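Peer 1: I am attaching a structure below and will ask some questions about it afterwards.
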C-alpha cells in the first residue's frame, strides 16, 4: 500500500487497522478462486496464484489481476468520517523463472514492487535481472547512508536568501551534502529518494535539524548575529507525533531564539489531513518559528485556502523562474502569486534565480527575496559566514 503510514500518523492505529481490513477484502475480491491472499505485516500483502498453464499465460493472467487489484484498492473509503483515497504498488515474480524457493520469490517480488513505486506508484512491475542489480545497488546505498549518519559523513551547506530591496543576505537554506569516503561529495539528488524508499528520511531529517541548530549556536558563540536558517522537513516528519514538542526541545537544548529558525515544507503536505497539519504548524509557529511553503505552484494547494494555514513565506518553484523573462504565462503566474501572497501578509521568495534579467524582473514585480546561483551556490558554513559578513557592510556581488 502507498503512503499507509500517513493514515496511521494522522488518524491513528485503529483507523489504520480498519483500513487494512478493507483493503484485504478488496484484494480477496480481485483474485481467482483458489488463490491465497496473506498479510505479511504492516502494509504489505502477498498473493499466491498457482496452476497457471505457462509462463506466457502467467504474464497475461497476473497483469490483469494486478490491474484489478490496483483499480479496486484505489476506490475511496471512509475512515472516522474522513474520505481517504489510497493506492497500491504491485511487484510480480514467477516460478521458476525468478526463483525456486519462497524466500527468493518473495525477494524478487519485493524488488519489482519497489520498482513499481519508483515509476509513480499505483502500478505494477514484473521482476527482471536488471531489477535485481538495481535492488542490490539500492541496498548497498542504504547501508552506506546508515553508516554515513553514524560516522558523521554528512554536512550542511548554506545557500543565501537575498533581500531584493537592500541586496543583503537575510536568510539561508540549509542543504545536506554527503562526503562519501569513496565517491566524494554526493548531492541530495543521488540519495534522498533512496532514503525515502528505505525508511531513512526521518533519520536524515532529524540530523539536518539538529545540525542546523548546532551551527546557528556556533555562529552566535563566534560573535556573529546569524540570519534566519531554513530547514526542509519531509511529509513523514511533519506527520510524526509531537513534532512541535521536538522543535521546542531543540530550541531549548541549543538556547536559540526561535526567530532564527524556519521550517520549509512542500505544499503537498498541506492537503494531507488538513486539520491535523494545520494544528501542528500553528503549534510550531506559536513557538516563534517561521513556516515556509517550498516549491509553491507544483503541488495541489492554492492560495484560496492557504489562508487557513499559518504560513509566513511562499517559495515560488524554479520551474516558473527559468523562462520568466520570455514566457508570459510563467510571468503571470509569478506576478499573481506575489500579489495574492502579499494580500495574505506572506513574503515571497523566488528560487532558482540564475540570471541578472530574472532578478531585475522579479524586483520590479515586488518579490521580496531571491535564492539561486546568480547570487551564490550553497556554501560550507565557514564560507557562508564570510559572505554574510561581507553583505552586512557592502552590497552583495552576484555570482
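The values are calculated or read from the model by the stated rules, or taken from the named source; none is laboratory data. None of the values given here were measured: they were computed from a predicted structure. Neighbour counts are summed over all protein chains in view; Cβ atoms, including those assigned to glycine, are modelled from backbone coordinates with ideal geometry.
Peer 1: Give the residues of the range 26-35 that are surrounded by 12 or more Cβ atoms within 10 Å (Cβ to Cβ) and part of a helix (DSSP H, G or I), sorted by residue number.
Peer 2: Those that are surrounded by 12 or more Cβ atoms within 10 Å (Cβ to Cβ) and part of a helix (DSSP H, G or I): 26, 27, 28, 30.
Peer 1: Further question on the same structure: Go through the range 339-365 residue by residue and tally those that are more than 24 Å from the chain's Cα centre (by Cα), under 20 Å from residue 307 (Cα atoms) and either surrounded by 21 or more Cβ atoms within 10 Å (Cβ to Cβ) or touching a residue at least 24 places away in the same chain (Cβ under 8 Å) (or both).
Peer 2: Here the count works out to 4.
Peer 1: Do we have residue 62 as buried (at least 16 other Cβ atoms within 10 Å of the Cβ), at pLDDT 90 or above and out of contact with any helix residue (DSSP H, G or I) (no Cβ under 8 Å at 6 or more places or on another chain) here? Even if it seems obvious, please write down each step before you answer.
Peer 2: Numbers: buried (at least 16 other Cβ atoms within 10 Å of the Cβ): yes; at pLDDT 90 or above: no; out of contact with any helix residue (DSSP H, G or I) (no Cβ under 8 Å at 6 or more places or on another chain): yes.
Against the criterion (buried (at least 16 other Cβ atoms within 10 Å of the Cβ), at pLDDT 90 or above and out of contact with any helix residue (DSSP H, G or I) (no Cβ under 8 Å at 6 or more places or on another chain)), residue 62 does not qualify.
Peer 1: What residue, of 14, 20, is part of a helix (DSSP H, G or I), under 28 Å from the mean Cα position of the chain (by Cα) and exposed (fewer than 14 other Cβ atoms within 10 Å of the Cβ)? Working first, answer last.
Peer 2: On the way: 20 fails: exposed (fewer than 14 other Cβ atoms within 10 Å of the Cβ).
Exactly one of 14, 20 is part of a helix (DSSP H, G or I), under 28 Å from the mean Cα position of the chain (by Cα) and exposed (fewer than 14 other Cβ atoms within 10 Å of the Cβ), namely 14.
Peer 1: With a cut-off of at least 3 residues that are under 30 Å from residue 293 (Cβ atoms), name the strands (runs of 3 or more DSSP E) lying wholly within the range 126-243.
Peer 2: On the way: elements: 154-163, 169-180, 184-186, 228-232.
Ranges flagged: 154-163, 169-180, 228-232.
Peer 1: Next question, about the same structure. Among the residues of the range 210-234, which ones are more than 14 Å from residue 388 (Cβ to Cβ) and buried (at least 20 other Cβ atoms within 10 Å of the Cβ)? Let's see the steps before the verdict.
Peer 2: Filtering the range 210-234 down to residues more than 14 Å from residue 388 (Cβ to Cβ) leaves 210-214, 217, 221, 230-234.
212, 213, 230, 231, 232, 233 - these are the residues of the range 210-234 that are more than 14 Å from residue 388 (Cβ to Cβ) and buried (at least 20 other Cβ atoms within 10 Å of the Cβ).
Conditions (1) in contact with a strand residue (DSSP E or B) (Cβ under 6 Å, 6 or more places away or on another chain); (2) under 17 Å from residue 59 (Cβ atoms); (3) assigned by TED's automatic domain parsing to the domain that holds residue 199; (4) buried (at least 21 other Cβ atoms within 10 Å of the Cβ), marked per residue:
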residue	(1), (2), (3), (4)
77	yes, no, no, no
82	no, no, no, no
95	no, yes, no, no
100	no, no, no, no
118	no, no, no, no
123	no, yes, no, no
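Peer 1: Within the range 45-58, how many residues turn out to be within 15 Å of residue 109 (Cα to Cα) and surrounded by 14 or more Cβ atoms within 10 Å (Cβ to Cβ)?
Peer 2: So the count comes out to 5.
Peer 1: Only residues that are closer than 18 Å to residue 112 by Cβ and out of contact with any helix residue (DSSP H, G or I) (no Cβ under 6 Å at 6 or more places or on another chain): list them for the range 46-55, please. Let's see the steps before the verdict.
Peer 2: Within the range 46-55, the first condition is being closer than 18 Å to residue 112 by Cβ, and the residues that meet it are 46-49, 52, 55.
Passing the criteria: 46, 47, 48, 49, 55.
Peer 1: Of the numbered conditions (1) modelled with pLDDT under 95; (2) surrounded by fewer than 19 Cβ atoms within 10 Å (Cβ to Cβ), residue 195 satisfies every one except a single condition; which is it?
Peer 2: It fails just one condition, (2).
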